[in-house]
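K.L.:
Please read through the structure below; I'll follow up with questions.
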């Protein structure tokens, strides 16, 4: 094959069969490896980073306590009255959820039995269509970020 920039190559068809061969540099030597051998023994997935319709939870009540089932999801709050989302202990490090104020009612995040912190020490949405992200960097501690107001 002539020297061609990678960006000039045609796209492969997907899904890959696993028999395709890729070049790698191992030490100082360029070698070949099949896709199957490159990924052998490793979990390769991207579905956790793709949001589908099942990843959006419509919350029409004024109160919700987070659960493990909410991890990686978007909670779309539609109530016209104030809504409280309460953090739950024991959800573990790595838990994350995005909360959207879709209705007129302000959404407030409460600590519950967990620790809740934010840069501004604010924990409510700024108004309709405001977005809050909650991330648990360590067990039982939640960091709130986004369109936070009073």
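FYI, it's all coordinate maths here, none of it is from the lab. As the structure is a prediction and not an experimental result, all values here were calculated from the model. Ideal geometry is used to build each Cβ from the backbone, glycine not excepted, and the neighbour counts take in all protein chains shown.
K.L.:
Give me log10 I(q)/I(0) at q = 0.17, 0.18, 0.19, 0.21 Å⁻¹ for the chain, Debye formula, one equal scatterer per alpha-carbon, no solvent.
P.N.:
-0.89, -0.96, -1.06, -1.28
K.L.:
Hey, another quick one. From the helices alone, meaning DSSP H stretches of at least four residues, give me the mean residue ellipticity at 222 nm for the chain, per-run term -39500 (n - 2.57), in deg cm²/dmol to the nearest 500.
P.N.:
Values: 1 runs with 5 residues, N = 150.
Calculated at 222 nm, the ellipticity per residue is -500 deg cm²/dmol.
K.L.:
For region 84-130, what mean projected area does the convex hull of the alpha carbons give, in nm²? Please report the intermediate quantities before stating the final value.
P.N.:
Values: hull surface 13.9 nm².
Its average projected convex-hull area is 3.5 nm².
K.L.:
Take every Cα pair under 8 Å in region 50-149 that's 6+ residues apart, average their separations, divide by the length, and report that relative contact order as a whole percent.
P.N.:
Computed value for region 50-149: 25 percent relative contact order.
K.L.:
Test of understanding: ordering 140, 3 by Cβ neighbours within 10 Å, fewest first, what list do you get? Write out the running numbers ahead of the final one.
P.N.:
Working: 140 18, 3 4.
Arranged by neighbour count, lowest to highest, 140, 3 become 3, 140.
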